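Engineer: One structure coming up, written as structure tokens, with questions to follow.
The values are calculated or read from the model by the stated rules, or taken from the named source; none is laboratory data. Since this is a predicted model, take the numbers as computed values, not measurements. Glycine also receives a Cβ, built like all others from the backbone with ideal geometry; neighbour counts cover every protein chain displayed. Heavy atoms of the whole protein, side chains included, go into the accessibility calculation; ligands, DNA and RNA do not. Shrake-Rupley method; radii C 1.70, N 1.55, O 1.52, S 1.80 Å.
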Amino acid sequence: MLNLIIFGGPGSGKGTQSKLLAEKFQLTHLSTGDLLRAEMEKGSELGRIAKSFTDGGNLVPDEMIVKILASAIDEHKNANGYIFDGFPRTVAQAEVFDDMLKARAQKLDALFDLVTPDEVLIERMLFRAQTSGRADDNPETIKKRVEIYHQQTAPVLDFYKARSMYTAIDGTLSIEGTAQAIADEVAKLL
Ligand code: ADP
């Protein structure tokens, strides 16, 4: 088993890198953002509620996200390991996550933080907005998402630093460059 968190600000490349890594090491990629967007597309009650938060660049309430992620893990019980993308995004989620994994006889191996300056995040998201069709990729919401990242999400890093699970990765490299940097770190864990 290999259980990894891919961490970083909005636009840092978490989704792209998680997909590459999942393929390379045969892991199951669980993205809370993707899970939420799937609910929104289905037009479920949950999706409707989630949209009222994500559209404004706000985080979805912890209880809701924790429930969604727990059922996604349980739907992929036979995985070789998981890549968690976009979760945990608050210290409260990180705390619950520990118990959630323990209850499933699992543990985390590492967190990779895609370190990327705000200007780069904003520039990438504005570029992505041209084709993503995502309601939250507009200038005002992008600015809000970066603010929320610093206020509510970045503190999660201290939680994992204290547990010696933190590894910084340069998020400003090319897609391939960052992927290689992560793969080199994963190789050390195997
Ligand atoms: P990005 O990292 O580009 O913001 P994501 O797909 O990871 O994109 O997330 C999109 C939105 O979904 C977030 O802005 C947030 O509103 C919501 N979301 C995703 N994951 C979480 C989470 N773990 N906790 C709360 N909200 C979340």
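Engineer: Return yes when K188 is of a type in the set (K, R), open to solvent by 70 Å² or more (accessible area, probe 1.4 Å) and under 24 Å from L20 (Cβ atoms) and no when it is not.
Structural biologist: It is true that K188 is of a type in the set (K, R), open to solvent by 70 Å² or more (accessible area, probe 1.4 Å) and under 24 Å from L20 (Cβ atoms).
Engineer: Mind listing whichever residues of segment 73-95 are open to solvent by 40 Å² or more (accessible area, probe 1.4 Å) and more than 19 Å from G9 (Cα to Cα)?
Structural biologist: The answer is D74, E75, H76, K77, N78, N80, E95.
Engineer: I'd like to verify a number: residues in segment 57-72 that are open to solvent by 30 Å² or more (accessible area, probe 1.4 Å) and more than 26 Å from A105 (Cα to Cα), how many?
Structural biologist: 2
Engineer: Can you name the residue in segment 127-136 that is within 12 Å of the ligand (Cβ to nearest atom) and farther than 17 Å from S52 by Cβ and is also most open to solvent (accessible area, probe 1.4 Å) among such residues?
Structural biologist: R128
Engineer: One residue is enough: does segment 170-179 have a residue meeting the conditions among the polar types (S, T, N, Q) and buried (at least 19 other Cβ atoms within 10 Å of the Cβ)?
Structural biologist: The answer is yes; a qualifying residue exists.
Engineer: Looking only at segment 96-123, which residues are under 14 Å from the mean Cα position of the chain (by Cα) and open to solvent by 50 Å² or more (accessible area, probe 1.4 Å)?
Structural biologist: Residue satisfying the conditions is V115 alone.
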